[in-house]
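To keep things clear, I will list the structure first and then write my remarks on it.
The values are calculated or read from the model by the stated rules, or taken from the named source; none is laboratory data. On a predicted model such as this, the values are computed, not experimentally measured, just so you know. Cβ: placed from backbone, ideal geometry, glycine included. Neighbour counts: every protein chain shown.
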Amino acid sequence: MQPHVVVIPYPGQGHVGPFMKLSHLIVDHGIRVTFVTTEFIHAKLTASMPEKSPIRLVSIPDGLDPGDDRRNSMKLIHCVLNFMPAHFKDLIEKINESDEISCVIADITVGWALEVAEKMGIKRAAFSPVGAGYLAFVLHIPKLIEDGILDSEGTLIENNLIWLSKEIPAWSSAEFTWSLPGDSGDSKTQKSLFELCYKLSHYVKLCNWLLCNSFYELDSTACDLIPGIMPVGPNTFAAINWAVMPEAFGLRIQLA
């Protein structure tokens with residue numbers, strides 16, 4: 001039976017594009033792909049993709065009203081975490097009844113999709129569209145708290161830089177995802193963003209494979225800080241790291 005992969009990105013800028021490119025690469029290896037996204041993004045994708053696309057597009061609601069601003073971080077995060085998981089679960093159960101799913105590939109920031117797949121006994125891969133350096137940083141958040149470098153709300157206890165390695169540039173508090181300038185006056189948004197980043201280390205433990213939009217030759221130091229990582233980028237059609245393709249995308253063998 002031909003393997004069947006369900007792919008679900010975080011419904012935001014910078015996430016859908018890399019996941020679509022990843023999906024095309026998987027299709028090129030003879031694996032069927034069902035691409036799950038929100039109704040809002042689904043409409044944009046169907047309008048821009050060819051009618052006979054090899055990728056099957058399906059949608060779930062995001063919980064926002066049609067007129068809501070989907071650039072509002074707080075609203076989107078709330079719906080992604082609290083509204084979408086139940087709809088994804090229903091969709092996966094329905095698909096799996098007639099078209100068995102071999103693997104779910106989820107954006108690391110929608111790790112609840114990995115939880116759904118785990119409960120159903122489906123193999124799981126997490127994919128991070130960001131580089132290995134920042135992924136290493138967020139996966140080290142629990143250790144940074146344990147070591148007294150960050151407090152439980154993601155604030156630097158001392159106003160210093162964070163170094164994971166001498167070979168990786170340090171992070172200042174201004175560079176934290178949860179401290180973006182646009183959200184600087186919204187403590188609720190910052191808290192939600194930090195809680196989401198904190199959960200990533202838990203989500204990683206649920207996956208069979210951890211894929212990253214980077215390549216080892218460029219980010220070897222960061223990759224070495226992440227056990228089991230499989231770099232599969234840069235995730236573009238022209239500059240893909242084909243050396244790891246057999247292992248990362250040879251799912252017809254691993255998932256058969």
For this session: Just need a number here: residues in region 26-44 that are in contact (Cβ under 8 Å) with a residue 60 or more places away in the chain, under 21 Å from residue 108 (Cα atoms) and either aromatic (Phe, Trp, Tyr) or out of contact with any Phe, Trp or Tyr (no Cβ under 6 Å at 6 or more places or on another chain) (or both).
Result: 1
Seminar exercise, completed: Filtering region 1-15 down to residues that are under 17 Å from residue 54 (Cα atoms) and modelled with pLDDT of 90 or more yields 3, 4, 5, 6, 7, 8
For this session: Take region 25-44 and flag every residue that is part of a helix (DSSP H, G or I) and at pLDDT 90 or above.
Result: 26, 27
Seminar exercise, completed: When every residue in region 6-19 that is surrounded by 22 or more Cβ atoms within 10 Å (Cβ to Cβ) and touching a Leu at 6+ places or on another chain (Cβ under 8 Å) is compared, the one nearest to residue 233 (Cα to Cα) is 7
Problem set entry | Criterion: small (Gly, Ala, Ser) and either at positive phi or surrounded by 19 or more Cβ atoms within 10 Å (Cβ to Cβ) (or both) - qualifying residue of 63, 67 | 63
Exercise. If you take the residues of region 159-175 that are under 23 Å from the mean Cα position of the chain (by Cα) and closer than 13 Å to residue 140 by Cα, which of them is surrounded by the fewest Cβ atoms within 10 Å (Cβ to Cβ)?
Worked result: 171
Exercise. Taking region 91-122 as the region of interest, how many residues are out of contact with any Leu (no Cβ under 7 Å at 6 or more places or on another chain), polar (S, T, N, Q) and closer than 21 Å to residue 80 by Cα?
Worked result: 0
Exercise. Quick one: would you say residue 133 is in contact with a helix residue (DSSP H, G or I) (Cβ under 8 Å, 6 or more places away or on another chain), buried (at least 16 other Cβ atoms within 10 Å of the Cβ) and assigned to a loop (DSSP other than H, G, I, E, B)?
Worked result: no
Exercise. Yes or no: residue 117 in contact with a strand residue (DSSP E or B) (Cβ under 6 Å, 6 or more places away or on another chain) and either in a loop (DSSP other than H, G, I, E, B) or of a type outside the set (Lys, Arg) (or both)?
Worked result: yes
Exercise. What number of residues within region 98-114 satisfy the criterion of being within 24 Å of residue 192 (Cα to Cα) and not in a strand (DSSP E or B)?
Worked result: 7
Exercise. From the residues in region 45-65 that are part of a loop (DSSP other than H, G, I, E, B) and touching a residue at least 24 places away in the same chain (Cβ under 8 Å), which one is nearest to the chain's Cα centre (by Cα)?
Worked result: 62
For this session: Mind listing whichever residues of region 75-90 are in contact (Cβ under 8 Å) with a residue 40 or more places away in the chain and out of contact with any Asp or Glu (no Cβ under 8 Å at 6 or more places or on another chain)?
Result: 77, 78, 81, 88
Problem set entry | Meets criteria (farther than 17 Å from residue 188 by Cβ, surrounded by 19 or more Cβ atoms within 10 Å (Cβ to Cβ) and either in contact (Cβ under 8 Å) with a residue 40 or more places away in the chain or more than 17 Å from the chain's Cα centre (by Cα) (or both)) for residue 101 | yes
